[in-house]
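Novice: Before I ask anything, let me first share the structure, which is written out below as structure tokens.
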Amino acid sequence: MEESGFKHVSVLLAECLEQLKIRPGGIYVDGTLGGAGHSCHIAAALTEPGRLIGIDQDADAVRAAKERLMPYQERVLVVRNNYCNIREVLEKEGIEAVDGILLDLGVSSYQLDTPGRGFSYREDAPLDMRMDDRQEKTAKDIINGYSEQELYRVIRDYGEDNFAKNIAKHIVRARQEKTIETTFELNEVIRAAIPAKVRAKAGHPSKRTFQAVRIELNRELEVLAASLDTMIDLLAPGGRLCIITFHSLEDRIVKTSFRRNENPCTCPPDFPVCVCKKKPKGVQITKKPILPSEKEMEENPRSKSAKLRVFEKRTCMTDKERQRHI
């Protein structure tokens with residue numbers, strides 16, 4: 001796919017379309033629109049009065065998506081926003097409930113491969129990494145402004161790097177001599193912080209730190225955790241929330257949220273009757289995540305870490321389903 005220079009291969013496309021169970025007259029939201037890879041197929045399956053609301057905070061993605069979705073423009077609305085504001089977006093359109101919501105949490109090929117965006121450690125570029133260029137703060141501000149302890153926390157928690165403490169120490173030492181301005185300058189600092197024998201065996205030494213800084217800058221995990229309950233609440237009965245994650249931190253948040261919404265009871269296990277009165281909002285369709293096929297992983301290596309989890313909204317539980325929550 002390539003429109004307006006925006007390239008992205010849709011991961012788990014067939015699986016997402018199957019799990020969304022698209023009704024021609026339904027209302028669907030793609031909260032991470034990107035270049036509209038998934039959304040084109042959703043829009044193509046809709047007929048009047050069906051609607052697709054596409055949301056993305058990236059200006060390049062919005063331009064590309066509008067171009068690609070042009071054949072379906074009468075039933076598609078593209079909004080530049082963050083999916084955490086989904087309720088406000090839908091309220092503005094007079095929509096109270098939707099039949100499906102999709103999130104693909106992967107960074108697009110366009111964002112990774114465009115040097116000026118500063119997402120990739122393989123291209124020399126200014127330290128940017130903003131998903132939304134209306135935001136003032138950049139990766140450069142984090143690298144040069146956070147304390148050593150704050151950098152350690154970010155790299156440890158979001159990059160899960162065993163050398164987080166040493167990397168943070170090297171960053172602070174390097175920036176005392178000169179502001180760290182570019183991706184390659186940061187690469188050199190990280191490289192010096194990791195033992196040579198480890199670098200020889202592992203992948204690129206900057207991978208985990210770049211991931212960590214990007215997550216921190218764009219508040220990716222914070223936004224995800226804060227949005228899931230709202231999305232489930234916005235589903236119509238039978239509606240489905242489909243989320244594709246790409247690393248364990250995201251997947252853990254989604255899995256925990258789905259479990260809690262399926263079984264929200266906080267009563268002690270030995271209570272004979274539920275007294276907290278918290279009711280299940282639905283069920284996890286995927287007890288174990290759906291993974292890409294061998295063929296897809298071969299054709300698109302970036303799909304290898306993808307996991308799809310699905311939650312279905314249900315207001316009327318069967319006796320068997322209700323028994324599981326007692």
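The values are calculated or read from the model by the stated rules, or taken from the named source; none is laboratory data. Remember, it's a predicted structure, so these values are computed and weren't measured experimentally. Positions of Cβ are generated from backbone atoms using ideal geometry, with glycine treated the same way; all protein chains shown enter the neighbour counts. Each accessible area value is taken on the protein alone, full model and side chains, heavy atoms only, with ligands, DNA and RNA left out. Shrake-Rupley method; radii C 1.70, N 1.55, O 1.52, S 1.80 Å.
Novice: Looking at segment 30-60, which of its residues are part of a helix (DSSP H, G or I), touching a Phe, Trp or Tyr at 6+ places or on another chain (Cβ under 6 Å) and open to solvent by less than 30 Å² (accessible area, probe 1.4 Å)?
Specialist: Ile42, Ala43
Novice: Sticking with this one: Just checking, does segment 3-13 include any residue being at pLDDT 95 or above, over 18 Å from Ala97 (Cα atoms), open to solvent by less than 50 Å² (accessible area, probe 1.4 Å) and in a helix (DSSP H, G or I)?
Specialist: There is at least one residue in segment 3-13 that is at pLDDT 95 or above, over 18 Å from Ala97 (Cα atoms), open to solvent by less than 50 Å² (accessible area, probe 1.4 Å) and in a helix (DSSP H, G or I).
Novice: Sticking with this one: Which one of the conditions (1) under 30 Å from Gly282 (Cα atoms); (2) in contact with a helix residue (DSSP H, G or I) (Cβ under 8 Å, 6 or more places away or on another chain); (3) assigned to a helix (DSSP H, G or I) does Arg260 fail to meet, given that it meets all the rest?
Specialist: (2)
Novice: Among residues belonging to segment 14-29 that are within 21 Å of Pro289 (Cα to Cα) and in a loop (DSSP other than H, G, I, E, B), point out the one that is most open to solvent (accessible area, probe 1.4 Å).
Specialist: It comes out as Lys21.
Novice: If you don't mind, another one. Filtering segment 250-263 down to residues that are free of Cβ contacts under 8 Å to residues at least 24 places away in the same chain and under 12 Å from Asp229 (Cβ atoms), which residue is surrounded by the most Cβ atoms within 10 Å (Cβ to Cβ)?
Specialist: Result: Arg260.
Novice: Looking only at segment 97-150, how many residues end up being in contact with a His (Cβ under 7 Å, 6 or more places away or on another chain) and closer than 30 Å to Leu52 by Cβ?
Specialist: Adding up the residues that qualify gives 5.
Novice: Right, another one. Checking the structure you have, find out if any residue of segment 63-86 is within 17 Å of Thr230 (Cα to Cα) and in contact with an Asp or Glu (Cβ under 6 Å, 6 or more places away or on another chain).
Specialist: Looking for residues that are within 17 Å of Thr230 (Cα to Cα) and in contact with an Asp or Glu (Cβ under 6 Å, 6 or more places away or on another chain), one finds none in segment 63-86, hence no.
Novice: Moving on. Name every residue in segment 277-303 that is open to solvent by 40 Å² or more (accessible area, probe 1.4 Å) and either at pLDDT below 95 or among the acidic types (Asp, Glu) (or both), in order of residue number.
Specialist: Residues satisfying the conditions are Lys277, Lys278, Lys279, Lys287, Glu294, Glu298, Glu299, Pro301, Arg302.
Novice: Here are some residues: Ala212, Ala226. Which one is in a helix (DSSP H, G or I) and open to solvent by 50 Å² or more (accessible area, probe 1.4 Å)?
Specialist: Exactly one of Ala212, Ala226 is in a helix (DSSP H, G or I) and open to solvent by 50 Å² or more (accessible area, probe 1.4 Å), namely Ala226.
Novice: In contact (Cβ under 8 Å) with a residue 40 or more places away in the chain, under 15 Å from Tyr28 (Cβ atoms) and either open to solvent by less than 50 Å² (accessible area, probe 1.4 Å) or more than 19 Å from the chain's Cα centre (by Cα) (or both): does that describe Leu103?
Specialist: Yes.
Novice: List pairs: first residue in segment 175-194 and more than 14 Å from Lys140 (Cβ to Cβ), second residue among the aliphatic types (A, V, I, L, M) and at pLDDT 95 or above anywhere in the structure, Cβ distance under 6 angstrom, at least six positions apart or on different chains.
Specialist: Going by the 6 Å Cβ cut-off, the qualifying pairs are Ile190/Ile167; Ala193/Ile167.
Novice: Do any helices (runs of 4 or more DSSP H) lying entirely in segment 116-204 carry at least 2 residues that are buried (at least 18 other Cβ atoms within 10 Å of the Cβ), and which ones are they?
Specialist: Counting at least 2 such residues, we get 139-145, 148-159, 164-177, 183-193.
Novice: Is one or more of the residues making up segment 95-106 assigned to a loop (DSSP other than H, G, I, E, B) and touching a Ser or Thr at 6+ places or on another chain (Cβ under 7 Å)?
Specialist: Yes; the residues of segment 95-106 include at least one that is assigned to a loop (DSSP other than H, G, I, E, B) and touching a Ser or Thr at 6+ places or on another chain (Cβ under 7 Å).
Novice: Determine whether Glu91 is in contact (Cβ under 8 Å) with a residue 60 or more places away in the chain and either over 21 Å from the mean Cα position of the chain (by Cα) or crowded, with 23+ Cβ neighbours inside 10 Å (or both).
Specialist: no
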